[in-house]
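The structure under discussion appears below in the form of structure tokens.
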Amino acid sequence: MSKKARIIIEEREVEYPIIIGTEGEKAIDCTSLRSDTGYITFDDGYGNTGSCQSEITFIDGEKGILRYRGYSIEDLARQSNFIETAYLILYGELPTAEERAQFSKLLTDHSAVAPEIAQHIQTYPKNGYPMAILSSMISSLACYYPDLATNDRVRDRENFDIAAAVALSKARTIGAMIYRLIKGLPFVEPRADLNYAQNFLHMMFSEPGSNYEPEPEVVDALNLILLLHADHEQNCSTSTVRMVGSSEANLFASLSAGVSALWGPLHGGANMAVLKMLQEIHDSGDDGSRFIEEAKSGQSDKRLMGFGHRVYKNYDPRAKIIGEASDAVLKKLGLTDPLLNIAKRLEQAALNDEYFLERKLYPNVDFYSGIIMRAIGIPVEMFTVMFAIGRIPGWMANWKENAENPKSRISRPRQIYQGPTERAYVPVEKR
């Protein structure tokens, strides 16, 4: 007999089915609560509300577990790469050699942008917000590829493979162009002989008349950053993509909305905040020790950024992986970054200090990703753009999953109105 949840409302008892996920997650299906009782649930920020049933990503924040399609983030980080992982997230299984080659070819074929797009990007001011440019340019892809963005759910699903390749490949090219724009440099065309991460670095850092040849460790580090950010369950931006897509909006429009959601400092801007904190500590002449004590004392302006996570109540598994990678990149590049030394001191202090242990303030992925991107040469204002490009596979997989669900319906949260009750209009001369 299936389990039921019983809810008593004004002495009336109603029953609702219990949904159990493959990893044992439990939920009460109260889809018909409003029609049955006239009541809705109130859950500010949706922290206890399941908005969908998904097969893409599993997180256990208590145990520090992250899996894409059942594969642990540790295994993927060690043995896979961003493009293979993107395929896995999009289609549910790791690709065969033939499928991987076809997917890579699709990305290569769609890596260049139309001259009109390049001209469009050049019209933005050099000091413009990179995320604003990225969001608008991804949305504008619907104008250049109208057959892939019909807002007809059947046709858009049929063209998903091409649309996904266009979005993933051109987002990287557009991201590199944004970097070149803010640096006042000419754009660099993609090369067909380079893989995704190599091409990204080539388009960002090649000097006029020469091609940038990145160190393998740098390529691996960029691949790792993108892979670790590829999906993260129903966060703010992913939920936004699903919500916009639920209206049957096309893929590009939905991705653009995801970029805008990620732009917020409480979401995608966290690694920027980490680097700002480390720089301020360094500029003050502190090695991190004084900052730790000030943060513990509760000083409002001394907050330890990059520690703790809304989901993870344990060590963010991505932080362990990227922390090790940061050492290898800096060693290969011959960099002695004082900010990394401060970061390591903060990490060790927090991991051995009862104050932080009691509050479960473990390092998260943002703590080290900013350090690596700084070492590669990516400026702080581009950090969130890199995050967005990495997250595109997860956004697209969620759009696809929602579009393929015959039972999906348009998202329409309810509210509890707390404003004035009905009142009569008073003409201005009588007020």
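The values are calculated or read from the model by the stated rules, or taken from the named source; none is laboratory data. The shown structure was predicted, so the numbers you read here are calculated from the model rather than taken from an experiment. Ideal geometry is used to build each Cβ from the backbone, glycine not excepted, and the neighbour counts take in all protein chains shown. Remember, those area values only see protein heavy atoms, side chains included, never the ligands or the DNA or RNA. Shrake-Rupley method; radii C 1.70, N 1.55, O 1.52, S 1.80 Å.
Side notes on the structure shown:
- Rounded to the nearest Hz, the phi-derived 3J(HN,Hα) couplings of the stretch 355-366 under the Karplus curve 6.51 cos²θ - 1.76 cosθ + 1.60 (θ = phi - 60°) are 4, 7, 5, 4, 8, 6, 9, 8, x, 10, 4, 5, where x marks glycine and proline.
- The chain: calculated mean residue ellipticity at 222 nm from DSSP helix runs of at least 4, using -39500 (n - 2.57): -16000 deg cm²/dmol
- Taking all Cα pairs closer than 8 Å and separated by 6 or more residues, the relative contact order of the chain comes to 20 percent.
- Highest-first packing order for the peptide set 4-11, 326-333 is 326-333, 4-11, based on the mean count of other beta carbon atoms within 10 Å.
- Restricting the stretch 5-106 to chymotrypsin sites (Phe, Trp or Tyr not before Pro) that sit in a DSSP loop and have at most 12 other Cβ atoms within 10 Å of their own Cβ leaves Phe42.
- Rounded to the nearest 20, the size of the Cβ-charge dipole of the stretch 287-337 about its Cα centre is 240 debye, with Lys and Arg at +1 and Asp and Glu at -1.
- Charge dipole (debye, nearest 20) of the stretch 1-112; +1 at Cβ of Lys and Arg, -1 at Cβ of Asp and Glu: 140 debye
- Surface composition of the chain: carbon plus sulfur atoms hold 49% of the accessible area, using a 1.4 angstrom probe and ignoring ligands, DNA and RNA.
- The stretch 211-285 and the stretch 377-431: distance between their alpha carbon centers, rounded to Å: 17 Å
- Rg ratio (alpha-carbon, reference 2.2 N^0.38 Å) - the stretch 298-413: 1.34
- Of the residues Ala343, Val365, Ser326, the one whose Cα sits farthest toward the positive end of the charge dipole of the stretch 320-375, with +1 on the Cβ of Lys and Arg and -1 on the Cβ of Asp and Glu, is Ser326.
- Per residue, the accessible area of the chain comes to 52 Å² when a 1.4 Å probe rolls over the protein heavy atoms.
- For the stretch 337-431, the set of GluC sites (Glu not before Pro) satisfying both a DSSP loop assignment and a count of at most 13 other C-beta atoms within 10 Å is given as Glu422.
- Taking θ as phi - 60° and the Karplus parameters 6.51, -1.76 and 1.60, the scalar couplings of the stretch 45-51 work out to x, 6, x, 10, 10, x, 8 Hz in sequence order, x denoting glycine and proline.
- The stretch 171-214: relative contact order in percent, alpha carbon pairs under 8 Å with at least 6 residues between: 37 percent
- When both the stretch 97-176 and the stretch 75-95 are represented by their alpha-carbon centers, they are found 21 Å apart.
- Checking the Cα-Cα distances for Lys105/Lys320; Lys126/Lys170; Lys320/Lys344 against a 23 Å cut-off, the pairs over it are Lys105/Lys320.
- Placing dummy labels 7 Å off each Cα toward the beta-carbon, the span from Ser32 to Asp161 is 4.1 nm.
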